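Participant: I am attaching a structure below and will ask some questions about it afterwards.
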Amino acid sequence: MKCLNCGNEMQQGIVEGYGQGGHSCYEFTSDEEKKKKGLKGFFTKEIISISTDNMEHCAWYCSKCKKVLMWMDTDE
């Protein structure tokens, strides 16, 4: 896979989570959703939950940019 940042070929591997106590998750909010303001933004903002229960995720690493791209499932 090519790096989205620099176009360099990325190395495929896994990211493993450890030392996480209890249930934890991340949330994704698009730039378009962040622009919503007022009551409309408060009640209709779409936020996608990303589960971290699975301790192993497919990922790619760019040795040039030092960035990791993870492939994670959402809770939806």
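FYI, it's all coordinate maths here, none of it is from the lab. Not measured: the values here are computed from a predicted model. Cβ coordinates were reconstructed from backbone atoms using ideal geometry, including for glycine residues, and neighbour counts include every protein chain displayed.
Participant: Excluding same-chain residues fewer than 8 positions from Lys66, which lysines have a Cα within less than 24 Å of its Cα?
Facilitator: The reachable lysines, counting only those whose Cα sits under 24 Å from Lys66, are Lys2.
Participant: Between Tyr26 and Asn5, what length in nm is gained on full extension when 0.36 nm per residue of separation is reduced by their alpha carbon distance?
Facilitator: Result for the pair: 5.3 nm of gain on full extension.
Participant: Quick one: if you stick a label point 7 Å off each Cα along the C-beta vector at Lys35 and Val68, how many nm between them?
Facilitator: Roughly 3.2 nm, to one decimal.
Participant: Could the peptides 59-70, 27-38, 6-17 be put in order, highest first, of the mean number of other beta-carbon atoms found within 10 Å of their residues?
Facilitator: 59-70, 6-17, 27-38
Participant: Pull up the cross-link candidates among the lysines for Lys36, meaning alpha carbon to alpha carbon under 22 Å and not fewer than 8 places away within one chain.
Facilitator: Cα-Cα hits under 22 Å: Lys45.
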